[in-house]
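Just so you know, all these numbers are worked out from the coordinates, no wet-lab data involved. As the structure is a prediction and not an experimental result, all values here were calculated from the model. Cβ atoms come from the backbone with ideal geometry, glycine included; neighbour counts cover every protein chain shown.
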Amino acid sequence: MHDLLPAGLGLRVQQSPRRITRAAVDSLEQLIIVTPAKWPDKGWSQLPDGKHLEALVRRAGVEPERRIWQSRLSNRLATGLTLGRLPEAAEGIDIPGAYPLLRFAGELAAAALQDKPHKLGLTVLGLSADESASLVRAMVLAVAAHRFQLPRYQSGKTTRSRTLTLKVFGLGERVDVGRSLAEAEATNLARWLTAQPPNKLDARTYRDALEQLSADNGWRMRFLDEKQLKRLAAGAFLAVAQGNASADAGIAHIRYRPGKTTASPALALVGKGIIFDTGGTNLKPFRAMLDMHHDMAGSAVAVATLLALTRLKVPFAVDCWLAITENRLSADAYKSRDIVTASNGTTIEVIHTDAEGRMALADTLALAAREQPELILDYATLTGSCVQALTERYSGVFSNRDALNQLLIDVGRESGERVWPFPMDKDFDDDLKSSVADILQCAMDGTGDHIHAARFLQRFVPDNIPWVHMDLSSGSRKSELAQIPSGTTGFGVRFSLSLVLDHGETVKQTANAIKN
């Protein structure tokens, strides 16, 4: 295992179809009981020592509007008890992971994991089979997220986390949580990589970590270094990289091929991997630069999505393209009014060197498109204007197929990773007209920059390839987001899996039937 990769999920799920017994309760360090907002009439009778538990709750005077209540039992392990009442906004939801359900699951997991238990029980009362299954999947995601420890570099001994066993009781039929476990592992990988300090995850070590991931998962990887990119005339990417102290930047191309298939990729995942962004010649102020090691979140989401698809053994070919570089200030850094030529022949007039993400992605998208994938998804922490438009609760999406917009909204709701599509009318290009090149890198006034950035990127995706661009305004957040605690979120992994696995045929039909 590479030092810059997480140790693994560390979560085991066991399921018993029978109601929880007293002996089972006594073997647990924590027990979570979930009910509807209104306690079911026969709820207490379904639990061992139900009358005693009911008396505990009544004695505590738990208010009806209180969603989570905690206590301890007087058994040998002093089993912690967490009672959760499902919020009405989440009742009736039979779609795995809708936002209110995920948020509730995150609150339950945060409460139940305070004492770092290794044996955690879950039982559900008064919910339908579909609601119970959705809740169990949401709890798997939430427990995996809340017990995961982001990178720490304190001195002294570091203890390896023991595997947590989540035991689910009383559902009658087994719930398939394989996809949830794959999603949780992948989301944590994206969070871990994004949180790495910039002197730990530099271009060289990032490449090493990707090579290790590729070896572990049977992927084929090639790294297009700066010399190779010069031969490919990738001038937009190289303009950003030319200010770096060392020539370690490049574009990673990773291939997943099931079986012996040699088919063109059904899907290309493209990610912005700016491992640190100073703003370049147009230097950022202190606060704007402080967390710019998060500027590679798009690449982390792309490779994490590839990991989840690999874990699920999807039967189609997938490519992953990661644009890995820094954007540094130096005597060689690119400048405003420079003219550069991208690999598809487009000439670009540089306006603001802090709009480096679209420059690095331009060549990466163009190279990915040469493989003729059926769909391109790209991810980038691209613009502050998208955060201003949506806050950090939603991420922006843009497509060269307007007919996909409603589907993208629906997928966001289903996955709990909410997105909002922005307009992509052609007349936005009027703001990007250059008198000396094919296109301006960005508009000078900065208004609507998230839309201008998407229109810029569309230049590098041929019209015949359906494309969705995600501007990751939700890439990190100071407080929790759905089931994810504060910090880096891994936003985009679950959205992508839902789009590709649950709605892939709809995407194909819609994308190929209507072209802008």
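Data table
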read-out	value
Lys/Arg +1, Asp/Glu -1 at C-beta; the chain dipole; positive extreme among L122, L367, I68	L122
Antiparallel DSSP beta bridges within the range 183-513, as percent of all bridges there, nearest 5	50 percent
GluC sites (Glu not before Pro) restricted to DSSP loop in the range 157-239 with at most 11 other C-beta within 10 Å	E173
Loop-located chymotrypsin sites (Phe, Trp or Tyr not before Pro) in the range 291-390, at most 16 other Cβ atoms within 10 Å (DSSP)	F316
Sequence-distant lysines (8 or more away, or on other chains) whose Cα lies within less than 22 Å of K313	K260, K508
Rounded Å value of the spacing that divides the Cα centres of the range 384-456 and the range 146-210	31 Å
Ratio of the Cα radius of gyration of the chain to 2.2 N^0.38 Å, where N counts its residues	1.03
Cα centre as origin, Lys/Arg/Asp/Glu Cβ charges: the chain dipole, Debye	2120 debye
Contact order normalised by residue count of the chain, Cα under 8 Å, 6+ apart, percent	16 percent
Sparse-neighbourhood loop sites, trypsin sites (Lys or Arg not before Pro) in the range 413-516 - DSSP loop, at most 14 other Cβ within 10 angstrom	K433, K478, K515
